[in-house]
Amino acid sequence: MGAGHLHGRPGFRLGRFRTARPGQRARAGTAAARRGQAMSAGGRTSPGTRMTAMPVARLLPLLLLLGSAPVSAQEAATPVEPSTPVADLAGPAAIPSAPGDGRIVDHETVVVSGVLPGPGLWKVRKDGHVLYVMATVSPLPRRMQWESAGLESVVARSQQVLLPPSFTLDAGVGVFRGMLLLPSLLKARRNPDGATLQQMVSPELYARWVPLKRRYLGRNRGVEQWRPIFAAQELYEAAMDESGLSREDVVDKAVRRMARRHDVELRAVNYKLEIEDPKAVIREFQATTLADTECFEKTLSRIEGDLELMRRRANAWATGEIDTLRSLSIENQYSTCIRAMTENGLARRLGVSDLRPRLDAMWIAAAEETLAENASSFAMLPLSLVTAADGYLARLRERGYVVEPP
């Protein structure tokens, strides 16, 4: 179905909306069931186990449909993501966006391609043990080939790989019932009472939307019936694609392959939320009015003014320019969009309104255990969670760990 990130910052990943195979729910002793329990407790998974988690941005649509929030996450994601876990869901500082006058500006920065090194690693040390941390960003150059041999040697020497925080929605329904839910999920993207996008946003905002939609979505008329938050996400996806950027989590995929190849344990930090009656939740969401106009506006602003910065930041990550990365903080729209999804009665009833502090605490606790138990370990986190004044590495430093930048 769909997926996205949780958390107001990049790097957190939200898991896919999963459907259990017939009879699977009754087999509590199966490997799948045990894996789910371990992940929700922040436990370990074997090297061959792949958690069904995606960056914020990609899990965002489904979480939105279910009235929950995206994480990745990647940047935070990460859409979410982001993972997301997860796009920087919230960078340390904001870069002003271009005026919202509907103009589309073409920039000169060319997105790099070819074999590129990526950034160096942060190190967290205590009592002779070290946790290597790679900072990730999203989007990245689509045609980038990542030279990961150096990183693979670090993963191969590690006893454990600590995965980014993630969030999984589990509907506990069979594949067939899951297919039957799909039309309801798609319908939930639409505005209540048949309203159009033009009726849901101000004339000024709609005037900014029109040229962007024409450029990136062409004659897509269906999106004009969607809620502002879904329309904005569709536009953002198309703009990234045309700009030579991709939100595919190449680091996560590569690190998982390395861990499997060298028989290194993967440790998941995952919070699992079970939805007992997904059909009822979807019906309730369809009737819920979202305060998503600000999310719509910030997404337009990011496309109008920040595409050039995103290209430059993607290039800086690919070529390993850490100082440039730090200087190119971008105001991410996902934190605003997440608030639109979590600050409503349905989200509070489902228990997703306070996921961010839960996931923060889970990852910090897992990192401390990983450092205590292993001489060498490795982790991936979105750049903002690595460099922010209140990020994860800053919190570990406050607890007495030595943090060394690349």
With the condition being in contact with a Pro (Cβ under 8 Å, 6 or more places away or on another chain), of a type in the set (A, V, I, L, M, F, W, C) and over 21 Å from G128 (Cα atoms), I'd like the helices (runs of 4 or more DSSP H) fully within the stretch 342-406 carrying at least 2 qualifying residues. 355-373, 383-387
Is the stretch 247-255 home to any residue that is touching a helix residue (DSSP H, G or I) at 6+ places or on another chain (Cβ under 7 Å), modelled with pLDDT under 95, buried (at least 18 other Cβ atoms within 10 Å of the Cβ) and in a helix (DSSP H, G or I)? yes
Can you name the number of the only condition in (1) among the small types (G, A, S); (2) at pLDDT below 85; (3) crowded, with 21+ Cβ neighbours inside 10 Å that G320 fails? (3)
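Those residues that are farther than 16 Å from D292 by Cβ and either in contact with an Asp or Glu (Cβ under 8 Å, 6 or more places away or on another chain) or assigned to a helix (DSSP H, G or I) (or both), I need them from the stretch 221-244; list them, please.
Initial filter on the stretch 221-244 (farther than 16 Å from D292 by Cβ): 221-222, 237-244.
Those that are farther than 16 Å from D292 by Cβ and either in contact with an Asp or Glu (Cβ under 8 Å, 6 or more places away or on another chain) or assigned to a helix (DSSP H, G or I) (or both): G222, E237, A238, A239, M240, D241, E242.
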Has the stretch 372-387 got at least one residue that is closer than 30 Å to A291 by Cα, surrounded by fewer than 19 Cβ atoms within 10 Å (Cβ to Cβ) and among the small types (G, A, S)? no
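Could you please give the count of residues in the stretch 286-300 that are assigned to a helix (DSSP H, G or I) and either among the acidic types (D, E) or modelled with pLDDT of 80 or more (or both)? Walk me through how you get there before you give the answer.
Filtering the stretch 286-300 for residues assigned to a helix (DSSP H, G or I) gives 286, 293-300.
From the residues that got through so far, the ones that are either among the acidic types (D, E) or modelled with pLDDT of 80 or more (or both) too are 293-300.
The number of residues fulfilling the criteria is 8.
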Where I303 falls short, out of the listed (1) among the aliphatic types (A, V, I, L, M); (2) crowded, with 19+ Cβ neighbours inside 10 Å; (3) modelled with pLDDT under 80: (3)
Filter the stretch 203-236 for residues that are of a type in the set (S, T, Y) and at pLDDT below 95; which is farthest from F296 (Cα to Cα)? Y216
Just to verify a result, which residue in the stretch 108-143, among those that are part of a strand (DSSP E or B) and modelled with pLDDT under 65, is nearest to P405 (Cα to Cα)? L116
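The values are calculated or read from the model by the stated rules, or taken from the named source; none is laboratory data. Predicted, not measured: the structure shown is a model, and the values here were computed from it. As a convention, Cβ positions derive from the backbone with ideal geometry for all residues, glycine included, and neighbour counts pool all protein chains shown.
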